[in-house]
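Q: The following block contains the structure, expressed as structure tokens.
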Amino acid sequence: MIAIIPARKGSKRLPNKNITFLGSNRLIDWTVEAAKKSECFETIIISTDCPEIKNLYKYDYEITIHNRPVHLAGDLASSEDVIKDVIINSEKNIQNQ
């Protein structure tokens, strides 16, 4: 199974919410740790346009970073479209190996 975590940079209500601390961890850390602890995912993919999130997880061998395209990083982008983008591009990467 694959976990896809959508984590865009922009947020109008709470700027930088995914990298803002909630207690002892950033919001994104809570989500990633829950996915890891569940032990039901073979792959955890973070779809993001946020350089800080990319930096946080670039050395984490359990996480794959998917570079979210600009057209899916705005307020009008749906989670469904983000997930489709991850799946389509993952399939392309597998075929090109």
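Q: How many residues, within region 68-80, are surrounded by 10 or more Cβ atoms within 10 Å (Cβ to Cβ) and farther than 15 Å from SER11 by Cβ?
A: Here the count works out to 3.
Q: Anything in region 1-19 that is modelled with pLDDT of 95 or more and either touching a Lys or Arg at 6+ places or on another chain (Cβ under 6 Å) or surrounded by fewer than 17 Cβ atoms within 10 Å (Cβ to Cβ) (or both)? List them, or say none.
A: ILE19
Q: How many residues does region 20-56 contain that are aromatic (Phe, Trp, Tyr) and loosely packed, with under 11 Cβ neighbours inside 10 Å?
A: Residues meeting the conditions: 1.
Q: Could you list all residues from region 1-19 that are assigned to a loop (DSSP other than H, G, I, E, B) and touching a helix residue (DSSP H, G or I) at 6+ places or on another chain (Cβ under 6 Å)?
A: Once the filter is applied, which keeps residues that are assigned to a loop (DSSP other than H, G, I, E, B) and touching a helix residue (DSSP H, G or I) at 6+ places or on another chain (Cβ under 6 Å), region 1-19 yields ALA7, SER11.
The values are calculated or read from the model by the stated rules, or taken from the named source; none is laboratory data. All of these numbers come straight from a predicted model, not from anything done at the bench. Please note: Cβ atoms are built from the backbone with ideal geometry, for glycine as well, and neighbour counts cover all protein chains shown.
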